[in-house]
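Values quoted throughout were computed directly from the atomic coordinates according to the rules given, and no laboratory measurement underlies them. Bear in mind that the values here come from a model prediction, so they are computed numbers and not experimental data.
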Amino acid sequence: MESSILELEAHIELIVEFPDESSLKKDTEKLIASINRDLKDFEIKAFLCDKYDSCSCYIMISSGAGGIDASDWAEMLLKMYINYCEKKGFKVNILSESFGSTAGIKSATVQVLGDYAYGFLKSEKGVHRLVRISPFDAKRRRHTSFALVDVLPIIPDIKLEISPTELRIDTFNASGHGGQNVQKNDTAVRVVHIPTGITAVCQSERSQFANKEEALRILYTKLSTKMEEEKVKEIKELKLNDVSAEWGNQIRSYVLEPYTLVKDSRTGYESGDVWGVLSGDIDDLIWSFIVEKNSCSN
């Protein structure tokens, strides 16, 4: 930050000396915008002091009520988070995708690698609601769709002793839209922890062994998180699959018709720039949640 501000001071001195240089002014405006983004990140990180906030994370998206529209909505959210993570400089790997019969996705698991990825994205846990004129409805009627988002930290140095008899490991063909690149072998792996029913899936790697290793890491993360919660006697589980992805439970609404509005029901934050949000500009929504959370805890 100090280095950027020194660079900005040098730009301002040049502008004073050469006031007619339009390219210099544009470069300075870009630098100011970059400094503002870095400052916002710095402020957010100052609030991220929970145990796993500095960790990388997994994002899990599932389509809810709404049929084809819900599957399409789940894919829109997936793209939103990928765009957001890329803007943040996080590394993104899609570990598994289950595609809808007509459009969109039924579910997806994404690995996000980077400092404070979980701290930034934990605000996205919950049901997301979309209201729009359905592109799949010939009568152009307005539809409401739901999707469920869960975010889990990738906890380093997980130490769990799990008996092989407690695990069920299934293999199946990696899913895809078709074509020559679809795996014909059973490379995808699903691991189920039988006592708890917790499941993890990975199909992103080309070998069954690599998919099994990643699926086990996801499973260990879920189990470790559950153990941590039980240890501190938290009532609500971090895993959100039991939350019904339907009307009344949403954390955020995205309205495209008859007006454009994004509203977070937890913080009251509103924005009319729905398409900007859907392209990954969700920092203000995340910031409002973090500020609200810290205000409540204080």
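A few points about this structure:
- Taking SER96, SER71, SER207 as the candidate residues, the one with maximal mean-square fluctuation in a Gaussian network model of the chain, Cα springs under 10 Å, is SER207.
- Cα gyration tensor, the stretch 35-133 - rounded (a/c under 1.5), prolate or oblate: prolate
- Of HIS128, HIS11, HIS193, the one that fluctuates the most in a GNM where the chain has Cα springs shorter than 10 Å: HIS11
- Estimated vicinal HN-Hα couplings, Hz - the stretch 63-77 in sequence order (Karplus 6.51, -1.76, 1.60; Gly, Pro = x): 6, x, 5, x, x, 4, 4, 5, 5, 5, 5, 4, 5, 4, 5
- Using alpha-carbon coordinates, inclination of helix 283-297 to the longest axis of the chain, degrees: 80 degrees
- Gyration tensor verdict on the stretch 82-162 (Cα atoms; rounded if a/c is under 1.5, prolate if a/b is larger than b/c, oblate otherwise): prolate
- The chain: calculated mean residue ellipticity at 222 nm from DSSP helix runs of at least 4, using -39500 (n - 2.57): -12500 deg cm²/dmol
- Sequentially through the stretch 99-105, phi angles give Karplus couplings (6.51, -1.76, 1.60; θ = phi - 60°) of 8, x, 5, 10, 7, x, 10 Hz, Gly and Pro residues having no value and appearing as x.
- Residue among LEU24, LEU223, LEU39 with the largest mean-square fluctuation in a Gaussian network model of the chain, springs linking Cα atoms under 10 Å: LEU24
- A prolate overall shape is assigned to the stretch 2-47, the ratio a/c of its alpha-carbon gyration tensor axes (a ≥ b ≥ c) being 1.5 or greater and a/b exceeding b/c.
- Matching the structure-derived percent of Cα pairs over 37 Å apart against the labelled list [x] 19; [y] 24; [z] 10 gives the label [y].
- Vicinal HN-Hα couplings computed from phi for the stretch 32-41 (Karplus, 6.51 cos²θ - 1.76 cosθ + 1.60; Hz; Gly/Pro x): 4, 4, 5, 5, 4, 5, 5, 5, 5, 4
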